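Notes follow once the structure below has been shown.
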Amino acid sequence: MRSRAILLLVLTPGPGWAQESRDPDSAMVARLSAQMTYHFSVLAAAEWRRYGTHLDFVPLTPRLPDELPELAHDGFATVFLEASDSGWSAVVLHDSLPGTACGTYVGNVAVANRPSTAPGEIACTGDKGRLVHPGPVSLQVMHILFASDPTLDAPPKIVGCPEVDLPKDLRQPLRHVRMISLIDPNGTVSPAPVRVLDAPSFRYAAAAIVVLEQCRWRPGYRDRLAVRTAVRLPDVLGRDILVGDSLP
Amino acid sequence: MRMRLHEPHRVLLQFILGPEGKPEVPGLTVLESVGGDYTRVALEILEKCRFEPAQTSGKPIRVLISLPIDVRP
């Protein structure tokens, strides 16, 4: 009787054991998932740190070893698919799982460059991609929200700007300046960073920066709290900032 | 609301210097500033600056420059 019982135990292993025998790499995959989680959290922190000072995201790949030594752990490679002033996307590979890649995107990224179906979601593809489950990880780490973020209760809105005494040669209407700026929770424009995307001339760009800083805003709100938002002008105004015209 | 120049402050500007030796408008960024007239004065100074473009193999190229400007009263 005793030997039959032992035999029975051997022949009816539990589900966990069966999983182990079919997938001998599961421990390694679990470790890799944790490392991927860490990798993406560091990556997101680096990108938002950059955005907080420059108002753009940067494909860091060429300078990774110098700028982000914490991302250069053994076997990992980060490939940026896109990076601009409004979003980034990247995939991460590891030597131990050739053909498997995990990726995500943040912000506004071309559909073809989105490794996951939703922003901030980390999706893995490849032979063993189904086994790798990074996260959960917060990719929004700098407390800056895009004015177009759908989670906002209300986007920032311009309240008014003082009269601006511009040089005569700039007092022409319909001169558009496109730029990005940060609106602080108290409704003021952060003096820096401010980034010009396009302008008819250097002088218009400089004038627009000075004008914008004197404008008052109703800040963006999320969960009833005023938050810091990045606004792209004139897109979020609903009208254009006209350098050379008086502003409301 | 406007801030006058009461004490020295540094304004850090970043821009692409074109092959003609002029700052390009797209990408012009105020990286650091206390704001107000300090930013305005720094931009006026940058507009008046003249640069020799960077070169490789004898040809002028575009380069990204971060330029600190100390604005004093």
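The table for this structure:
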{"quantity": "Count of region B:11-47 residues which are out of contact with any Leu (no Cβ under 6 Å at 6 or more places or on another chain) and acidic (Asp, Glu)", "calculated": "4"}
{"quantity": "Failed item, numbered, when B:ILE65 is tested on (1) without any contact (Cβ under 8 Å) to a residue 40 or more places away in the chain; (2) surrounded by fewer than 16 Cβ atoms within 10 Å (Cβ to Cβ)", "calculated": "(1)"}
{"quantity": "Unique match (being in contact with a helix residue (DSSP H, G or I) (Cβ under 9 Å, 6 or more places away or on another chain), more than 10 Å from every other protein chain (Cβ to nearest Cβ) and at pLDDT below 70) among A:LEU233, A:LEU247, A:LEU174", "calculated": "A:LEU247"}
{"quantity": "Search result, residues across region B:8-28 that are touching a strand residue (DSSP E or B) at 6+ places or on another chain (Cβ under 6 Å) and of a type in the set (Gly, Ala, Ser)", "calculated": "B:GLY27"}
{"quantity": "Any pair with Cβ under 8 angstrom, 6 or more apart, that starts in region B:15-31 at a residue that is at the interface with chain A (Cβ under 7 Å from one of its Cβ atoms) and ends at one that is surrounded by fewer than 16 Cβ atoms within 10 Å (Cβ to Cβ) and among the aromatic types (Phe, Trp, Tyr)", "calculated": "B:PRO23/B:PHE51"}
{"quantity": "Tabulated pairs, region A:200-214, first facing another protein chain (nearest Cβ under 7 Å), second assigned to a helix (DSSP H, G or I) and β-branched (Val, Ile, Thr), C-beta under 7 angstrom, 6+ apart or interchain", "calculated": "A:ILE209/B:THR39; A:VAL210/B:THR39; A:GLU213/B:THR39"}
{"quantity": "Residues located in region A:181-199, provided they are within 21 Å of the chain's Cα centre (by Cα) and either free of Cβ contacts under 8 Å to residues at least 40 places away in the same chain or in a strand (DSSP E or B) (or both)", "calculated": "A:SER181, A:LEU182, A:ILE183, A:SER190, A:ALA192, A:PRO193, A:VAL194, A:ARG195, A:VAL196, A:LEU197"}
{"quantity": "Enumeration of residues in region B:55-73 that are in a strand (DSSP E or B) and within 8 Å of B:LEU17 (Cα to Cα)", "calculated": "B:VAL63, B:LEU64, B:ILE65"}
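The values are calculated or read from the model by the stated rules, or taken from the named source; none is laboratory data. All values derive from a computational prediction rather than experimental measurement. Ideal geometry is used to build each Cβ from the backbone, glycine not excepted, and the neighbour counts take in all protein chains shown.
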